[in-house]
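Accompanying notes for the structure given below.
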Amino acid sequence: MTAPTLPADRLRLASVEITRRCHNACPYCDQPKSETDMPAAQFAILLDELVREGFAAVALGGGEPTLHPALPTLLKAARERSLRTGLTTNARDPGLVIALAGAGLLDSFGVSAGKGTWTALAGHRAAVVNLLLLAGRLPETTGLALEALKHGSRRLLLLGYKGDRPEFAPTTAELASAFTMLTALGRRAGATVAADDYTRRRLGLSNVCGEGFLRVTLEGTRDRCCFPMCEYRMIPALVLAAGLSRRMGQFKLLLPWADRTVIGQVVATLEAAGVEPIVVVAGHRAAEVETALAGSSARIVLNQDYASGEMLSSIQAGLRAVEHSGAAAALLCLGDQPQMAVETVKTVLAAGGQTRWAQVVIPSFQMRGGHPILLPRSLWAEILSARGTLRDVLARHRDQICYIPVDTPGVLADLDTPEDYAAARLRTGSVGDRPERDVSRTGSVGDRPERDVSRTGSIGDRPERDVSRTGSVGDRPERDVSRTGSVGAGSCSLTGA
């Protein structure tokens, strides 16, 4: 359900699911429904947490058209904490909603056009009429907008469908036509027309969404995105930094790189790409890694099993750290890959978003897969319970691997030996702003610092390093990349539609 908009001053807003008593049978909605409500005591505790965290407004949702039985109590609790309040509803009892607004307990409420008693609420001064655009439904959306204006609506909000059912998703052209049409209708009627952050981003009117926003489910799960599979959602990065640096002969993550350290450059690249949160999985000399990253946005988690040398244990430690975050995927990065480019990170994330976070996304340079790798949530449970290598897991899901060609060899580069490090610094001067210029490797890739001690020759020297090689993962599956076709197994298409 869509939370109503509050005044556009970028107040920190928390959208809280207070009930699942929804009795609409919308064909595009897969949200869970039950007779479950958030207890008032739990809600009060949540409000106190939100106030401490600096939130200024709450939008209560989930009850459409059936309201939470203790709704007045919840709204009073919010008001007692000086929070602004909103509500998503097409209530079976519109009189109650109007009374709550009249009593000063509601600043605004959202009304979904075409559902329930929406016309009884559309003309209220506190109402925002939500107009959801589905694929091929522009005439229907326009008709609902006209009806809303006929009933006195003064605020219309265009919403683009952002679920995981592609048959309902409108194209960017459809969204643009709808926004243009609604803006013209609103101007003629003296009404305000706006679009939600997702739609604005699709239309190129904004490059951010969800700023200052938090979604809290009935169970208390928190998420910065209003819909789990949104292609613009925040995806955590897991930076593997627990290894012993055996082949380097010294702790490579703290070696100088430009005006930073090697690990500092990796984190800085992720920050520049807008990735958050950034989880650094440390082990060997973890306290020094944490000190080196002081002042960055990185969070340190420990891999207690780092001495085993198995990369999988670090991946599992990272996934456990974000397992309950609601994230749809995780970006797997190497702590000794300062050559990683900002644009590569953005490309991998964009491809993942277009697959609605359903596929493994691997950047490929000259038919060789590298890092960072996007791991969809659908594989997390299997990875967390695995005993072999990540490559073993991916070999069982070849049809979910999507290779993205990139023009930078930085996706293949890491620093395993003193020769690697010296050559990298010589080629780049350790400038760091264009780390993708760093590598033109000619030798073998070498052992990973958290290398898999159960390697087999049938998969190659570095089974955990390059999942696109021949062997059990498949015979050069990256050759199947389709640059123009629709998104599917083994390929990704980056289109604007």
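Laboratory data are not the source of any read-out in this text; all were calculated from the coordinates shown. In this text, all values refer to a predicted model and were calculated from it rather than measured experimentally. Every residue, glycine as well, gets a Cβ built from its backbone with ideal geometry; the counts of neighbours run over all protein chains shown.
Give the cross-link partners of Lys33 among the lysines, using a straight C-alpha distance below 21 Å as the criterion and excluding same-chain residues fewer than 8 apart. Answer for Lys33, where 21 Å is the Cα cut-off: Lys115, Lys162, listed by chain and number.
Between Asp93 and Ala135, what length comes free when the chain is fully extended (0.36 nm per residue of separation minus the Cα-Cα distance, one decimal in nm)?
Contour length minus Cα-Cα distance gives 12.0 nm.
Counting neighbouring Cβ atoms within 10 Å and putting the fewest first, the residues Thr192, Thr119 line up as Thr192, Thr119. For His124, the shell of other residues with beta-carbons less than 13 Å away shows a net charge of +2, using +1 for Lys and Arg and -1 for Asp and Glu. Look at Cys26, Cys209 and count the other Cβ atoms within 10 Å of each Cβ; fewest to most, that gives Cys26, Cys209.
Net charge of the neighbourhood of Gly186, taken over other residues with C-beta under 10 Å away and scored Lys/Arg +1, Asp/Glu -1, is +4.
For region 67-208, the fraction of C-alpha pairs farther apart than 24 angstrom is 36 percent.
With contacts taken as Cα pairs under 8 Å and at least 6 residues apart, region 44-119 reaches a relative contact order of 31 percent.
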